[in-house]
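Only one structure is covered here, and it is reproduced in the block below.
The values are calculated or read from the model by the stated rules, or taken from the named source; none is laboratory data. Note that this is a predicted model, so its numbers are computed, not measured. Don't worry about glycine lacking a Cβ; one is built from the backbone with ideal geometry, like all the others, and counts go over all protein chains shown. Accessible surface areas use protein heavy atoms only, side chains included; no ligands, DNA or RNA. Shrake-Rupley method; radii C 1.70, N 1.55, O 1.52, S 1.80 Å.
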Amino acid sequence: MDNIKTIKDPVLSIKNLFVSYDKGKYAVNDVSADIKRNSVTAIMGPSGCGKSTLLRAVNRMHELYETIETKGSIDLNGKDIFKMPAIQLRRMTGMVFQRPNPFPTMSIYDNVIAGYKLNGIHLKRSKRDEIVERSLRDVTLWDEVKDGLYKKGTFLSGGQQQRLCIARALAFGPEVILLDEPTSALDPVATSKIEDLMVSLKENYTILMVTHNMSQAARISDYSMFMYLGELVEYGKTKDMFTRPKDRRTEEYLTGKFG
């Protein structure tokens, strides 16, 4: 298996990253990895291993909590994310969570462009219309909702709501889409649609995805990271990791001996 901790022209470069919730106890412990542009990278590992913590560090969500300490560096397109205004960073790293969370008081249309409104960015109606249609088309939702754009987003099915949340993340044209177990609350049909969507989106975006579902990682990811107790144990091409894991802990996790 290739060692791909260093990738030529990575979209994200994580170096010696530590994240602690309690002083001296690291949920992410000295993780370094480069993330390849226009790829799907899965972050796997048992509960509590630091997967979601690593993902959330990429858009500095931990800064919302005073007790969380972050050390190390993360570069996005060669620029230090910790020196960027947080608003700028979060436009470039769209986040989607486990459970679909459209804003309940907003229409489908307003959900898509919510980021612009919340940031006080005023757009002409024609530009808003263009962004809404493009974003909904990108998530294959346009044809399903175009005749009901001003209905509440919460009237949609769970799978449609999650695609709406992805459209909301895409509206700013981010470099990276961060997905934290985006299908764990969905039925198999909705899950399949989201998986197909992720494969198609990597043509224009880079996707970093936390998943508990190993078969999902095997189906749709190009690269996989295996984390255990806060450490990045193994990182490589998904096909190689699943067929020839280099570390015994990776093999035991993938064969169901723990997790």
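For this structure, a couple of remarks:
- Accessible area in the full protein assembly, largest first, 1.4 Å probe, for 237, 83, 51, 202: 83, 237, 202, 51
- Annotation: the antiparallel percentage among DSSP beta bridges lying fully within the chain is about 60.
- Added length on full extension, which subtracts the Cα-Cα distance from 0.36 nm per residue, residue 15 to residue 150: 44.2 nm
- Summing charges over neighbours of residue 17, with a neighbour being any other residue whose Cβ is under 10 Å away from its Cβ, gives +1 when K and R count +1 and D and E count -1.
- Segment 79-224: antiparallel DSSP beta bridges as a percent of all, rounded to 5: 10
- Taking each residue as 0.36 nm, the span from residue 140 to residue 105 lengthens on full extension beyond its C-alpha to C-alpha distance by 10.3 nm.
- In the list [x] 18.0; [y] 12.4; [z] 13.9, the label attached to mean projected area of the Cα convex hull in nm² as derived from the coordinates here is [z].
- Remark on residue 225: its backbone amide H falls under 5 Å from those of 42, 43, 44, a criterion applied only to residues 5 or more positions apart or on other chains, H modelled at 1.01 Å from N.
- Residue-wise HN-Hα coupling along segment 143-151, computed from phi with Karplus coefficients 6.51, -1.76, 1.60 (Hz; x: Gly, Pro): 5, 7, 10, 4, 8, x, 4, 9, 7
- Here the Karplus relation 6.51 cos²θ - 1.76 cosθ + 1.60, evaluated at θ = phi - 60°, turns the backbone of segment 31-38 into coupling constants of 8, 10, 6, 9, 10, 6, 5, 6 Hz, with x for every Gly and Pro.
- Hypothetical label at residue 73: residues of segment 8-34 whose amide nitrogen lies under 13 Å (7 Å Cα-Cβ projection): 13-17, 33
- In order along segment 101-108, the phi-based Karplus estimate (6.51 cos²θ - 1.76 cosθ + 1.60, θ = phi - 60°) of 3J(HN,Hα) comes to 9, x, 5, x, 8, 9, 6, 4 Hz; Gly and Pro are listed as x.
- Extension gain (nm, one decimal) between residue 255 and residue 175, 0.36 nm per residue minus Cα-Cα: 25.4 nm
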